[in-house]
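Only one structure is covered here, and it is reproduced in the block below.
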2 protein chains.
Amino acid sequence: MVQPEAEELIAQIIAGDTTALSRAITLIESNNPNHFAKANTVINGCLPHANSSIRIGITGVPGVGKSSFIEVFGKHLTHQGKKVAVLTIDPSSAVSHGSILGDKTRMEKLSKDPNAYVRPSASGETLGGVARKTRETITLCEAAGFDTIIIETVGVGQSEIAVHSMVDFFLLLQITGAGDELQGIKRGIIEMADAIVITKSDGDNIPKTTLTKTELSRALHYFPPKKSGWIPTVTTCSSKTQEGIPEVEKIILNYVETTKNNGYFNRKRAEQNDYWLTETINDQLKQDFFNHPQIQNVLKETKKAVQNNETSPFAAAQLLLETYKNLRT
Amino acid sequence: MVQPEAEELIAQIIAGDTTALSRAITLIESNNPNHFAKANTVINGCLPHANSSIRIGITGVPGVGKSSFIEVFGKHLTHQGKKVAVLTIDPSSAVSHGSILGDKTRMEKLSKDPNAYVRPSASGETLGGVARKTRETITLCEAAGFDTIIIETVGVGQSEIAVHSMVDFFLLLQITGAGDELQGIKRGIIEMADAIVITKSDGDNIPKTTLTKTELSRALHYFPPKKSGWIPTVTTCSSKTQEGIPEVEKIILNYVETTKNNGYFNRKRAEQNDYWLTETINDQLKQDFFNHPQIQNVLKETKKAVQNNETSPFAAAQLLLETYKNLRT
């Protein structure tokens, strides 16, 4: 099959063609160097048509009911005529190869909804790689007319920071437990959350989720105020009864209004652009250094010398940098 | 005055001569490139005699009574024949030039104690610069026979991370307040603490500090377990009555015993060496890139293009890295 040219792909994406969108995302995900230039052309062509969506990050530990929530929440939005794209950042898929999150059948109804687009994480990638590709995929989805972008991740590590740095609003899903509601969740993730939504608030579980809501609201009180001027909200919902789902949308719209009015919304997006520019450069500089075969040889010896207290880490670093400089000139 | 040679300095430091120690620290602090080689020789000569102390980081917001605590705690240690060095990391001194922490007269008794050595932070430095110099100063102090190294910092930012990455034990001083005890303190700092000591626990204040102790202990319960296997302790003390001061020492000794037994103590020191080696290299690579005059010119234009959605942060980064490569070959 002849692949469409970059210009053709751009035109199709802007026209809302999801087949072209999927093709372009595959192009972005490709590690074949011959595809890089075309991928960049497509992204740059889509950029002027992007940036008008709301980007929502959603996290929570396995078992919290992320896919059920996203399915019900996504359907709630598409019923109103909104167009929802669901992307995932799941670096664990690089290890397991069978992605936990990348299973379309998890969100069966949403996947079949003409107003929704569900795309799993690129697999076999480092977090840095997945993050870059996801961020570029956001641009393409926005150009294709999706006005709500949901980025899903698992609540277990560095991936939250990556997601946080590419979304406008960060939502933490939480289940009710045995008292220690914050146990097992990294402080940093709580600190990033603009809202905490307690799931499975139905039937006999309602008194417990209501109590958790009170406890979490109290715990959030200990956290410093946010740069956005936004006070994080705690709420409950049920994916089964759909109780509380419209409230989550209201919280997000309220956040967007507040931060657009105080200028934080656009400032944050500008900061995120700067962040990704700088991060990409820093990553590449490190990779070039530490992957250099001759540096790797010297580094091994040097680390041994440092551990044996024969030289200080700083003197060792100077020596390695000197070696690197001489290798390159 | 003729400056002693590196070998002479090393011999004097190892003999416990604090005048030689001060001279060597001044050498480390010097930004004169002619001093770098000699400084490295002195550090490397001291390394085999270092590493046998306990390194304690102490932080807390201004007003918590850090200097009073360190004075009383330090005297408690020197009374037992221990040798205590107090260093500070105060990047604010780079701005104010009058260092908040670097004032010897703050710890008058300890400064005059023959078993103590008080040395303020190098001034006019970036945090990275102060951190490197402090870490090298630790080596010299240890070689000079100081068995307890206290690194003091203000509880207001990045400097805690630097201190945490060079000490064995991290102590957070805290005052009792109006309910929200954790307000205003960054989560990350609490997470680093191996002990929280509530100061000014004397007279009418005792009921309040006792209550704070209970509340903080409960709050710590929400934090994930530490890699060290150590459960952070909350205690109270008074620098005025000296009540609770011996308990702080006991907590630290208990920590050292626990982590030496489970292997964490030495593992952490090895990790810290690796951290400083890698950090120094990464810092230098970034500095070389971002301080390059031609890169600075291109970067300005590129950032503008990214903010105007003419190019993506990733495409822009690739372009800058390409430019850098061509500049160097």
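Computed from the Cα positions only, the extents of the range B:196-329 along the three principal axes stand at 66, 36, 29 Å, in decreasing order. Footprinting exposure proxy ranking of A:Leu173, A:Leu47, fewest other C-beta atoms within 10 angstrom first, gives A:Leu47, A:Leu173.
Per residue, the convex hull spanned by the Cα atoms of chain B amounts to 185 cubic angstrom. Only helical runs count toward this figure. For the protein assembly as shown, summing -39,500 (n - 2.57) over DSSP H runs of n ≥ 4 and dividing by all residues gives -17000 deg cm²/dmol at 222 nm.
List residues of the range B:23-45, by number, whose backbone nitrogen lies under 18 Å from a label position 7 Å along Cα→C-beta of B:Thr126. Inside the label zone: B:29-33. From the alpha carbon centroid of the range A:214-245 to that of the range B:10-30 is 55 Å. Karplus-derived 3J(HN,Hα) values for the range B:233-239, using 6.51 cos²θ - 1.76 cosθ + 1.60 with θ = phi - 60°, are 10, 10, 8, 10, 7, 10, 6 Hz; glycine and proline are entered as x. In this simple spin-label approximation, A:Glu271 and B:Ser217 carry label points 7 Å from Cα along the Cα→Cβ vector, and these lie 3.8 nm apart. Return the inverse of the average 1/r over all pairs of distinct C-alpha atoms in the protein assembly as shown, which is the Kirkwood hydrodynamic radius, in Å to one decimal. About 27.7 Å for the protein assembly as shown. Across the range A:75-85, coupling constants 3J(HN,Hα) worked out from phi with the 6.51/-1.76/1.60 Karplus curve, θ = phi - 60°, read 5, 4, 6, 5, 4, 8, x, 6, 10, 10, 10 Hz, and Gly and Pro carry x.
Distances between copies of A:Gly203, taken at a point 7 Å out from Cα along the Cα→Cβ vector and listed shortest first: 6.1 nm. Of the residues A:Lys213, A:Lys300, B:Lys208, the one with the fewest other Cβ atoms within 10 Å heads the list, and the complete ranking is A:Lys300, B:Lys208, A:Lys213.
The C-alpha atoms of the range B:1-49 occupy a region whose extents along the principal axes are 27, 25, 15 Å, arranged from largest to smallest. Taking every Cα-Cα distance in the range A:123-174 and sorting them into 10 Å bins from zero, the calculated P(r) comes out as 22, 56, 22, 1 percent.
Take each residue of peptide A:284-291, count the partner chain Cβ atoms within 10 Å of its Cβ, and average: the result is 4. Going from the fewest other Cβ atoms within 10 Å to the most, the residues B:Ile231, A:Ile56 appear in the order B:Ile231, A:Ile56.
With its label point put 7 Å out from Cα toward Cβ, A:Glu7 sits 7.6 nm from the same residue's point in the other copies, in order from shortest.
For B:Glu243 and B:Ile14, compute 0.36 nm times the residue count separating them, minus their Cα-Cα distance, and round to one decimal in nm. Let's see the in-between values first.
Working: separation 229, 0.36 × 229 = 82.44 nm, distance 3.57 nm.
78.9 nm is the gain from fully extending B:Glu243 to B:Ile14.
For the pairs A:Lys268/B:Lys227; A:Lys109/B:Lys303; B:Lys260/B:Lys286; A:Lys38/A:Lys250; B:Lys133/B:Lys227, flag any whose C-alpha to C-alpha distance is greater than 32 Å. Walk me through the intermediate numbers first.
Values: A:Lys268/B:Lys227 34 Å; A:Lys109/B:Lys303 41 Å; B:Lys260/B:Lys286 36 Å; A:Lys38/A:Lys250 40 Å; B:Lys133/B:Lys227 28 Å.
Table pairs above 32 Å Cα-Cα are A:Lys268/B:Lys227; A:Lys109/B:Lys303; B:Lys260/B:Lys286; A:Lys38/A:Lys250.
Can you list residues whose amide H is under 5 Å from B:Gly57's amide H, if they're 5+ apart or on another chain and H is modeled 1.01 Å from N? HN-HN under 5 Å from B:Gly57: B:Ile151, B:Asp168, B:Phe169, B:Phe170, B:Leu171.
Annotation for A:Ser111, label-to-label distances across the other copies: 7.2 nm (shortest first, one decimal, point 7 Å from Cα along Cα→Cβ).
Each reported figure results from applying straightforward, stated rules to the coordinates on display, with no laboratory input. All figures in this text were calculated on a predicted structure; none of them were measured in a lab. FYI the Cβ positions are ideal-geometry reconstructions off the backbone, even for glycines, and counts take in every protein chain you see.
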